[in-house]
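Colleague: Before I ask anything, let me first share the structure, which is written out below as C-alpha cells.
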Amino acid sequence: MKAQRLIVVVMMTSLVAVTGCFHTNTVYAPDLTFITPLPLVNVSQMRGDYASDVKAADARYAGQQFYFGQLKVTEVSKALYPLRATEEYVLVGNVKFKPRYASDLWDIGEGTLIEVTGQVQGYLWNYIVVQDCLIRIVSGASTGTPGY
C-alpha cells in the first residue's frame with residue numbers, strides 16, 4: 001500500500017514538474033534583422049586600380065568588406081598537414097583570397113567557379129590580399145578527396 005502511494009506521489013510530482021514548464025502556448029516571432037548587402041567589386045577593375053596607383057587604390061579598397069561576384073580560380077594553396085606552416089588561399093590573377101575557415105578550400109581546385117566576400121587588406125608582395133573570406137562554390141568543385 002505504501003509502495004502504491006509512493007508511486008502515485010512520484011507520478012503526480014513529475015506530472016506537475018513537467019507541465020509547469022509549459023505555462024504558455026504563445027509563440028513569438030524573432031526580431032527582424034536587416035542585412036546590408038555588400039558593395040560589388042569588379043576584380044579586374046580593382047587590379048587595374050592597384051596597378052596604376054597603390055595609395056589611391058588602398059584609400060578606396062583597404063579595410064572595407066566587399067562582395068566579389070563569380071570568379072574562376074587560377075590556383076589554390078592548402079595546408080596538407082594541420083601543423084604545417086603553409087599559407088592557405090585561393091588565387092584569382094594576383095588577388096589572394098584568404099579564407100576565414102580552412103575547410104572552405106577542401107573542394108576547390110583550379111578552374112572552380114566561386115563567389116567571395118572578404119575584407120581587402122591591401123597590396124603586399126605583388127598581390128592584392130583579401131582576408132577573412134567566406135567562399136561559396138558555384139560550380140566545378142571536386143567530388144571529394146581520394147581515399148587510401
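Colleague: Which part of the stretch 93-122 falls in the paramagnetic zone of Ala56, meaning amide N under 19 Å from the point 7 Å along Cα-to-beta-carbon?
Modeller: Counting backbone N atoms under 19 Å from the label point, the list is 122.
Colleague: Ranking request for peptides 93-100, 121-128: highest mean number of other beta-carbon atoms within 10 Å first, then the rest in descending order.
Modeller: Result, highest mean Cβ count within 10 Å first: 93-100, 121-128.
Colleague: Leu40 to Ile137: FRET efficiency via 1/(1 + (r/R0)^6), r the Cβ-Cβ distance, R0 22 Å, to the nearest 0.05?
Modeller: After rounding to 0.05, the efficiency reads 0.70.
Only the coordinates and a few stated rules stand behind these numbers; no lab work does. Keep in mind that what you see is a predicted model, and the values were worked out from it rather than measured. Cβ coordinates were reconstructed from backbone atoms using ideal geometry, including for glycine residues, and neighbour counts include every protein chain displayed.
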